[in-house]
Amino acid sequence: MSQLQSECLIIGGGIAGLMIAHQLEKAGQSFLLVDEGLNQSSSKVAAGMFNPISGKRMTVNWKVNELLQSLQETFVEMENKFGKNYLVQAEIVQAFGNTKESNDFSLQLEKESFSQFINASTTASRALNSEFGVFGVKGSGWVKTKEWIADYHAYLLGAGKLIYRKKSWDELKKQGEVWQWHQHSFNHVISCDGFECVNNPYFNWLPFKLCKGEVLHINCAGLDPNLIIKKGVYLVHQEADIYKVGATYEWNFEDSNPTEAGKESLLEKLNKLLTLPYQIISHEAGIRPTTRDRAAILGEHPSHKNLFCFNGLGTKGILQAPFLAQHLATHILQKTPLESKVDIARFNSFYTNSQF
Ligand SMILES: Cc1cc2nc3c(=O)[nH]c(=O)nc-3n(C[C@H](O)[C@H](O)[C@H](O)COP(=O)(O)OP(=O)(O)OC[C@H]3O[C@@H](n4cnc5c(N)ncnc54)[C@H](O)[C@@H]3O)c2cc1C
């Protein structure tokens, strides 16, 4: 059988796999991407929202300005590639849940790193229950992830660079410095398998802490499609009067299917947020590849040369992936050092040679 030689094998065609594919293509490197082709994955159910401010404690994201710049630049490149605009800039109008949240916010406002993203003149939307007041977040918005992934997959399929198949890790063999998969050989393998990393014999020793998330689609007339409204849950515009309501954060779960409990939890919060009538259209779930220290994991396997991990994007896939994909691609191709916060080497003590 004749061998097909490429620079890289990418396993997983979610946000991580596609962003690294984009960087390799920009660098003129050949690659093959293998994806299971499931209808529901974390990347496909995600709201695609990006928000420079994180969590209940309202902290500013690590390297937020670089992440936002890379996100913007990458989606200009996507627009040039596919002739579509996938990135929507939209302010988040966030209502405080109680007085404590409003007090904590006032303390944070004293920091310039935080206040640069706050719009103090934002006023409550009539659709939003906001008895404790609201604030606006700038530099936020969403990416139409499902549409972008579908277009990117179609493009890669057309170019013969994507195969839909569940790759069994037993099929990957090493011959000298080269990786073999069926009749293909590769200099590098990049594992971007999302939550499936826990079943990946090469990387299952990493401290992943998976987090299931559920979302609803609702039909609601009268909302402003140019705003994201948020209070416990967020509403992100999809099309016409359809909005995505998300999300749940479930740390103990049995499978990736939507549950009644997840739906109830979303509806309870939605009913506290929304003053307008709505109808539920659909309900989806996915599993976020979150890590113990909540930072992504990038870099080479401690003992298998040229086998790389790009995972752990957690709750912030779209904000982090463009910057981190560029960072990892440069590391692989030009041997530049990785940022210690995301470097796989921070977990090397978890690895023993008895593992793969
Ligand atoms: C409900 C929900 C809402 C979210 N909302 C947001 C949001 O608003 N903003 C945001 O930034 N992030 C959001 N996230 C998080 C975001 O979705 C993740 O950070 C991101 O999708 C992770 O991307 P990934 O490519 O690492 O993993 P995945 O999306 O899981 O992609 C991995 C891919 O690899 C494939 N694969 C795995 N193993 C194999 C194998 N052996 N062979 C072949 N293919 C394989 C899978 O089928 C899948 O296509 C949300 C997540 C959920 C669940």
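Results, tabulated for the structure shown:
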{"item": "Residue within region 10-32 that is more than 23 Å from Leu157 (Cα to Cα), away from the ligand (no atom under 11 Å from the Cβ), part of a loop (DSSP other than H, G, I, E, B) and in contact (Cβ under 8 Å) with a residue 12 or more places away in the chain present", "result": "no"}
{"item": "Strands (runs of 3 or more DSSP E) completely within region 108-211 that count 2 or more residues being within 26 Å of Glu7 (Cα to Cα) and not β-branched (Val, Ile, Thr)", "result": "162-164, 172-175, 178-181, 184-191"}
{"item": "Residue list for region 196-205, restricted to those being within 12 Å of the ligand (Cβ to nearest atom), over 26 Å from Ser30 (Cα atoms) and either hydrophobic (A, V, I, L, M, F, W, C) or under 15 Å from the mean Cα position of the chain (by Cα) (or both)", "result": "Val198"}
{"item": "Residue count, region 45-80 (criterion: among the basic types (Lys, Arg) and surrounded by fewer than 17 Cβ atoms within 10 Å (Cβ to Cβ))", "result": "2"}
{"item": "Hits in region 73-98 (condition: within 30 Å of Leu274 (Cβ to Cβ) and in a helix (DSSP H, G or I))", "result": "Phe75"}
{"item": "Meets criteria (within 15 Å of the ligand (Cβ to nearest atom) and buried (at least 22 other Cβ atoms within 10 Å of the Cβ)) for Val189", "result": "no"}
{"item": "Residue within region 43-66 that is in contact with a Gly (Cβ under 7 Å, 6 or more places away or on another chain), farther than 19 Å from Tyr234 by Cβ and assigned to a loop (DSSP other than H, G, I, E, B) present", "result": "no"}
{"item": "Count - residues of region 313-333 that are more than 8 Å from the ligand (Cβ to nearest atom) and buried (at least 20 other Cβ atoms within 10 Å of the Cβ)", "result": "9"}
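Each reported figure results from applying straightforward, stated rules to the coordinates on display, with no laboratory input. In this text, all values refer to a predicted model and were calculated from it rather than measured experimentally. Cβ coordinates were reconstructed from backbone atoms using ideal geometry, including for glycine residues, and neighbour counts include every protein chain displayed.
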